[in-house]
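Beneath this line is the structure, given in structure tokens, with notes to follow.
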Amino acid sequence: MADRILVFYGSYRSDRQGIRLAHYLVGAFAARGAAAELIDAKALGLPMLDRMYKEYTKGTAPEPLETLAGKIRDADAFVFVAGEYNWGVQPGLKNLTDHFLEEWFWRPAAIASYSAGRLAGVRAGLAWHGTLSEMGMVVVSSALAVGGIGQALDADAHPTGDGGAALDRAFPRFADDLSWWTEAARAQRAVRAVPY
């Protein structure tokens, strides 16, 4: 069974560099046999959080929210492509995740951070680790951090230069870690109901 992986990206900027990393990850996971899908917060256009998905009466949630809830429930694992804004998280990605809660439970998540600078978004990655754990996901210990995002991947999401080479070297361990936890969580859910 192919791992069903959702890759979440949350920048709303007009000149988005991190989308290259999101596309790279979708392609790299697909090359390993996973069924990977990009979930782009900007393309979804969810409103600022007013009501969580679970707060709508059954059948009354806006269509994009209903569709995404189903995709999250059906996924085996998640990857969060986390840009760093002033030492913190991207508001678009945070807004998307906050629309849901129970839908995230009992699945592994991995964080791939990036920035234009040399610190590669690691402070945002650290912030996301706690947030995703609180939302019921098991965050794998392997992480990707891509600095100089505009030089590490070209416009078609192909690795370039030293940064791209470093990404290509780091991805297999990142993917192996997520795959191990994905398989473990899927096997456990098949033999035992989740506690809540």
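For region 27-117, the square roots of the Cα gyration tensor eigenvalues, ordered a ≥ b ≥ c, give a/c of at least 1.5 with a/b no greater than b/c, which places it in the oblate category.
Karplus-based coupling profile of region 170-175, in residue order and whole Hz: 7, 4, x, 5, 4, 5, with θ = phi - 60° in 6.51 cos²θ - 1.76 cosθ + 1.60 and x standing for Gly or Pro.
How do 30-43, 100-113 rank on mean C-beta neighbours within 10 Å, highest first?
Going from most to least packed, we get 100-113, 30-43.
Using the alpha carbons of the chain, what is the convex hull volume per residue in cubic angstrom, as a whole number? List each step's numbers first, then the result.
Details: hull volume 22.7 nm³, N = 196.
Hull volume over Cα atoms, normalised by residue count, gives 116 Å³.
DSSP beta bridges confined to the chain are antiparallel in about 10 percent of cases. Across region 26-38, rounded Karplus estimates of 3J(HN,Hα) from the backbone phi angles (6.51 cos²θ - 1.76 cosθ + 1.60, θ = phi - 60°) give 4, x, 5, 5, 4, 5, 8, x, 7, 9, 9, 9, 7 Hz, Gly and Pro being marked x. For F8, the residues whose amide H sits under 5 Å from its own are I39, V79, F80, V81, ignoring neighbours fewer than 5 places away on the same chain, with H placed 1.01 Å from N. Each of G147, P47, F100 was scored by the projection of its Cα onto the charge dipole of the chain, and the greatest displacement toward the positive side belongs to F100; charges sit on the C-beta of Lys, Arg, Asp and Glu. For the chain, averaging the sequence separation of C-alpha pairs within contact (under 8 Å, six or more residues apart) and dividing by the residue count gives a relative contact order of 21 percent. Taken as Cα centroids, region 46-71 and region 164-186 sit 31 Å apart, rounded to the nearest whole angstrom. Dipole of the chain computed with +1 at Lys/Arg Cβ and -1 at Asp/Glu Cβ about the Cα centre; of V81, W180, G163, farthest Cα towards the positive end is W180.
Across region 88-94, coupling constants 3J(HN,Hα) worked out from phi with the 6.51/-1.76/1.60 Karplus curve, θ = phi - 60°, read x, 8, 6, x, x, 6, 5 Hz, and Gly and Pro carry x. Charge dipole of the chain (Cα centre as origin; +1 on each Lys and Arg Cβ, -1 on each Asp and Glu Cβ, all else neutral): 220 debye, rounded to the nearest 20.
As a size descriptor, the averaged projected area of the C-alpha convex hull of region 12-58 was calculated at 4.9 nm².
A short reminder: the numbers here are calculations on the coordinates, not readings from a lab. Just so we're clear, the structure is a prediction, and the values are computed from it rather than from any experiment. With ideal geometry, Cβ positions are generated from the backbone for all residues, glycine too; neighbour counts draw on all protein chains shown.
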